[in-house]
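Asker: Quick one: the structure is below, and I'll ask about it shortly.
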Amino acid sequence: MFSPINHNYIIFNHQERSSQFSLNKASASRPLMRHTAEVREITTGDKIKAGIGAIAGTVIPMMLMMKKQKVNNPFKLHYGLKEIIGMSASSIIGGVAVGMIGEDKKTNENKLKEGLFQFMNASIPTWIVGGVLKLCESSKHFNNIPGKIMSIAGGLIVGMYGAASVSNLICDPYDKRPDRKLTLKDCLINIDDALGVLVLAKFPCADKLHFERLLPFIFAYCGYRSGKSN
């Protein structure tokens, strides 16, 4: 004999399958939500705090460098790879640290992540380009101005996209939030890397135009941008 049909089971099973279908549909569309970034309004207070921190983070290492190099004029400082990376890190740390004062936990978490992104974006391209330039100098075919220019351009592109990938992996290892995309402004910020590398490579134009004098201002802006991050 056939057992009687359990209509309640059929209805419940149909509802359960419908719920699972809805969840699967939502999960399938979830990656589209990753293109929506978290944004908060940047206030005047954010800008003031970030500016103070970034300036302090730039001036303090400059003073230490002046003492070490025994010069009285900050525009006569000599920059090596260590000084460039150290000053960029200090300005970003200063901007983020002061920018976090009085903010809630979520905002401070985002500022720390932006600070990490900016530091990676400022340091990784410099390391890569510095290494590539050393290879150029040891090569008979590429130890020239065109070869160094191509090395700088290639190193900056690879370094910036690599820095973005590394920082996103560190900040969001399980890929739960929108990735921090590399923007045009981020690329323009890396002019400090280009100028710094020109100084390190001792290009003739760098010596005459004194590009190194612009580095503190660019570093301070990097720190300011990190500290006021939304």
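The values are calculated or read from the model by the stated rules, or taken from the named source; none is laboratory data. The structure presented is a predicted model; accordingly, all values stated were derived computationally and were not measured. Note that each Cβ is placed from the backbone with ideal geometry, even for glycine, and that neighbours are counted across all protein chains shown.
Asker: Go through (1) touching a residue at least 12 places away in the same chain (Cβ under 8 Å); (2) outside any helix (DSSP H, G or I); (3) not hydrophobic (A, V, I, L, M, F, W, C) for Gly162 and report which single condition fails.
Answerer: Status for Gly162: all satisfied but (2).
Asker: Pick from Lys68, Lys25: which is modelled with pLDDT of 85 or more, exposed (fewer than 13 other Cβ atoms within 10 Å of the Cβ) and not in a loop (DSSP other than H, G, I, E, B)?
Answerer: Answer to the selection: Lys68.
Asker: Checking Val71 against (1) among the hydrophobic types (A, V, I, L, M, F, W, C); (2) free of Cβ contacts under 8 Å to residues at least 60 places away in the same chain; (3) under 28 Å from Ser229 (Cβ atoms), which single condition isn't satisfied?
Answerer: (3)
Asker: For segment 115-126, state whether one or more residues are touching an Asp or Glu at 6+ places or on another chain (Cβ under 9 Å), crowded, with 16+ Cβ neighbours inside 10 Å and more than 27 Å from Pro216 (Cβ to Cβ).
Answerer: No, every residue in segment 115-126 fails to be touching an Asp or Glu at 6+ places or on another chain (Cβ under 9 Å), crowded, with 16+ Cβ neighbours inside 10 Å and more than 27 Å from Pro216 (Cβ to Cβ).
Asker: Look at Lys111 and say whether it is assigned to a helix (DSSP H, G or I) and within 24 Å of Ile218 (Cβ to Cβ).
Answerer: For Lys111, the condition - assigned to a helix (DSSP H, G or I) and within 24 Å of Ile218 (Cβ to Cβ) - is met.
Asker: Can I ask one more? Can you name every residue in segment 195-230 that is farther than 17 Å from Met120 by Cβ, modelled with pLDDT of 65 or more and among the small types (Gly, Ala, Ser)?
Answerer: Of everything in segment 195-230, just one residue is farther than 17 Å from Met120 by Cβ, modelled with pLDDT of 65 or more and among the small types (Gly, Ala, Ser), namely Ala220.
Asker: Tell me yes or no: at least one residue of segment 31-50 is on the phi < 0 side of the Ramachandran plot and either at pLDDT 95 or above or of a type in the set (Phe, Trp, Tyr) (or both).
Answerer: Within segment 31-50 (the criterion being on the phi < 0 side of the Ramachandran plot and either at pLDDT 95 or above or of a type in the set (Phe, Trp, Tyr) (or both)), the answer is no, since none of the residues qualifies.
Asker: Inspect segment 170-193 for any residue being over 11 Å from the mean Cα position of the chain (by Cα), at pLDDT 80 or above and outside any loop (DSSP other than H, G, I, E, B) and give the result as yes or no.
Answerer: Yes, segment 170-193 contains at least one residue that is over 11 Å from the mean Cα position of the chain (by Cα), at pLDDT 80 or above and outside any loop (DSSP other than H, G, I, E, B).
Asker: Taking Ser90, is it touching a helix residue (DSSP H, G or I) at 6+ places or on another chain (Cβ under 9 Å), surrounded by 21 or more Cβ atoms within 10 Å (Cβ to Cβ), at pLDDT 80 or above and in a helix (DSSP H, G or I)?
Answerer: yes
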